[in-house]
1. Between N707 and L24, what is 0.36 nm times their sequence separation minus the Cα-Cα distance? Round to one decimal in nm.
2. Of Y770, S214, S585, whose Cα points farthest to the positive end of the dipole of the chain (charges on the beta-carbon: +1 Lys, Arg; -1 Asp, Glu; origin at the Cα centre)?
3. Rounded to the nearest 0.05, what FRET efficiency is calculated for Q269 and S835 with R0 set to 45 Å and r the Cβ-Cβ distance?
4. Can you figure out the FRET efficiency of D844 with E561, using R₀ = 35 Å and their beta-carbon distance, to the nearest 0.05?
5. Taking the Cα centre of the chain as origin, work out the dipole magnitude from +1 charges on Lys and Arg Cβ and -1 charges on Asp and Glu Cβ, in debye rounded to 20.
6. I want to check the label-to-label distance for K807 and E228. Put each point 7 Å from Cα in the C-beta direction and report it in nm to one decimal.
7. When a footprinting reagent is the concern and you count Cβ atoms within 10 Å, what order do I332, I830 take, fewest first?
8. Give the average over all directions of the projected area of the C-alpha convex hull of segment 155-308, one decimal, in nm².
Amino acid sequence: MAEAFVKVLIDNLTSFLKGELVLLFGFQNEFQRLSSIFSTIQAVLEDAQEKQLNDKPLENWLQKLNAATYEVDDILDEYKTKATRFKQSAYGRYHPNVIPFCHKVGKRMNQVMKKLNAIAEERKNFHLHEKIVERQVVRRETGSVLTEPQVYGRDKEKDEIVKILINNVSDAQHLSVLPILGMGGLGKTTLAQMVFNDQRVTEHFHFKIWICVSEDFDEKRLIKAIAESIEGRPLLGEMDLAPLQKKLQELLNGKRYLLVLDDVWNEDQQKWDNLRAVLKVGASGASVLTTTRLEKVGSIMGTLQQYELSNLSQEDCWFLFMRRAFKHQEEINPNLVAIGKEIVKKCGGVPLAAKTLGGILRFKREEREWEHVRDSEIWNLPQDESSILSALRLSYHHLPLDLKQCFAYCAVFPKDAKMEKEKVISLWMAHGFLLSKGNMELEDVGDEVWKEFYLRSFFQEIEVKDGKTYFKMHDLIHDLATSLFSANTSSSNIRQINKHSYTHMMMSIGFAEVVSSYSTPPLKKFISLRVLNLGSSIFKKLPSSIGDLVHLRYLNLYGSEMRSLPKQVRKLQNLQTLDLQYCTSLCCLPKQTSKLGSLRNLLLDGCPSLTCMPPRIGSLTCLKTLGQFVVGRKKGYQLGELGSLNLYGSIKISHLERVKNDKDAKEANLSAKGNLHSLIMSWDMRGPHRYESEEVKVLDALKPHSNLTSLKIDGFRGIRLPEWMNHSVLKNIVSIVITDCRNCSCLPPFGDLACLESLELCWGSADVEYVEEVDIDVDSGFPTRIRFPSLRKLCIDGFGNLKGLLKKEGEEQFPVLEEMEIYLCPMFVIPTLSSVKKLVVSGDKSDAIGFSSISNLRALTSLDIRNNVKATSLPEEMFKNLANLKDLNISSYYNLKELPSSLASLNVLKHLDILGCRALESLPEEGVKRLTSLTQLSITWCEMLQCLPEGLQHLTALTNLSVRDCPTLAKRCEKGIGEDWYKIAHIPDVFIRKSYS
């Protein structure tokens, strides 16, 4: 990793030498000399990084260089911090502390210069090339012959690809290109070989060509190789590109061929375009199958959707491992089998890992030898050019230099951890791994870096939730990152402390873990600290010595119990991220928080006790993320503080009842904040009351930017919601929550919102009778006559007089709605909706029509009805049309005495759960008898239920029966002796509990 950080430091020095600070406070020559020394050393680093694996003295030299690099970075960072502080003071360069500061810097510069001169001199002992050299990576050669005697777990994938090639694209007029994408060692080449050698493929194509491309995507080389493969002999003599192109086109013209381009790394669109132009003369159905680790390669080359290769199952990995480890041995030590199965877990579904580990153990039959492999980290096991880490290091080799440090850093997270993209980017920033690019914000640079890793298959299992992106690293990719760390630390160069949050630590220079759960670390020891993770600790007070950590960029106090922060926090001039999320006791921030001029992320989600913001927060011009803003009444605390901030992500604005008027609201300038994607606006019902018309004006003035995707309005007291809630302003909105707006007598036209996927309406006005009251007029200028075209989830709670969804219903409404939740809406009648699969209904109904309307949802697969004290029965019509229902839950229907016999129409029902129906006396005999698909029946707290129906004994699919807290029924179901035991004796899994006592 030395080469990557040296590059970062050189870039920082170069940028610094162009600024004015060095001219004001001196040391220009010294910093210039440092830059020159590092540039000279950088020239040999690529060579040194390769050779260190087998050269201990060289490895030690690189560690010394690493330590010196960190030391220079500290000096530069402290110089910039102190010099900026002097410059901003009234005295400027004549500040009385400038002289002792310069003396200290000069002394440290002399010391580090001596170290670096010695390091530069020592490098001559290793005969390193004093220029940037291309790493000589062993070029991997592959061929079309399937060398594996047996391939496990890939038959399904092979068949799918073969069908695509011979069925789906056989009539395609243009050249079809199918990329197979996956991380190193996953078996992409093996799968391509299986397809290539399949009899159906051989019969379908006129001829097949296999070319191993690897890193050398040279058009002339590839054309020559393809032509030679077709002719079955080498081309005589040297030919220029033009005659080669003509030759190949003559061979391909009118032929339906299959070309496999294996192991492609080329990301140059033009190079592929040049080759494709020569290849596209084939007949209909001519196809190219390419394998790559890089999604970017697949998107450049592919005309078909990329085929992402999944991991092998653990069972298939075990078969592959066993064949390597035991070969044809007939008698196998069962203890070795048990240890081997634990070893296979290390493979993470990667075939090459199973082969590698099995190969290591092929001639070892001692249990201790197997246990050693089981208990060792993969990077400490014997490696060769075909091993898994060697294969994965090739992916690392192809990373741009400035990305390598970012990748290796990911080893600080535990294996299989779900990482948050935005947090990882902030940590990269804190360590200085991200290099500025023109006018791009560092967060955007980090986003580009993250996407690069994703496209190269380093990150996987991407999940977007609540506006944040989460991802994981495959265990073997994590092993690769870990193998890139060295393990040399001292308190003087510790750069990150993780306290009680991560369960492991194997860090290099700059990382350590404090294990104690009850005391904060002695912070003065760690003068180089950039990241301090004290999240989820139970301490209630942060020591004042926090202010001594002048290099600190990232302070995580997530979930701590402190009520306030020490005022010394204001001295952290380099702090970029302050994470105070879910500090539930935190009531205030230091008044001088506005002096944290480098602060970019102030994370305040889940801080309900926070009563006010620090004054003049708008002066934090670098601020990008502000989790919460609590509106104050005095100047410096009001909404106008948000006006000039370029905020990203999400924000909650609370105590909006304190906003004086719409003029003050406009000063927040929300309509200009195009990087803000999630907005919560909240009023405190306990605050002072004012005219409802004034409330409307305030909310009208808080119009957001049209890029907004998530909106929540809570506690608004106005008589109507704002006019900006329309399809022109909210054209990108995906989620809306409106809660506790009890004075709004009608709702906006949510049906116009083309992107709206989730709508939640809670505790509204008694005047609201329909979610959309307006009559639909197709000539009115609405962008679409389909109402709610993208809505997938709808939740309505506490609308006492709500009768339905649309006053005027039509066939093209809610076309993709899948989930509905209706709570405490006694008048509500469900319309006919063709796509709803999941329904929850809670609360009493005014009449049977409400229940019967459930049958309008013919596609329903899951029904949950609960919390009803009035109903003694359910209408027969309720279940009649629910032919697709698989899950039925009836809970807390306290006076329900019987279930309808139409239960019998639920032919595909698999799960039936009856809970808290304390008046229920029996289950319908015919209704139960016909539940032939039922696999699970659960009955809980139904004290009046006397017996089980006879038909239960005929339900052969039933595998699980649970009876809890039904005393009479439980007694009748006692094994072997209960009166109802014969009805349930055939069920494999029966659980009976009489009562809690």
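1. My answer for the length gained is 241.5 nm.
2. The residue sitting farthest along the positive end of the dipole is S585.
3. Working: r = 40 Å, r/R0 = 0.90.
It comes to 0.65.
4. Working: r = 42 Å, r/R0 = 1.21.
FRET efficiency, D844 to E561: 0.25.
5. Numbers: 128 positive and 124 negative charges, 715 e Å.
The calculated dipole for the chain is roughly 3440 debye.
6. Roughly 7.9 nm, to one decimal.
7. On the way: I332 13, I830 21.
Starting with the residue having the fewest Cβ neighbours, the order is I332, I830.
8. Numbers: hull surface 33.7 nm².
For segment 155-308, averaging the hull's shadow over all directions gives 8.4 nm².
Read the figures in this text as sums done on the coordinates, not as results from a lab. None of these values were measured; they are calculated from a predicted model. Every residue, glycine as well, gets a Cβ built from its backbone with ideal geometry; the counts of neighbours run over all protein chains shown.
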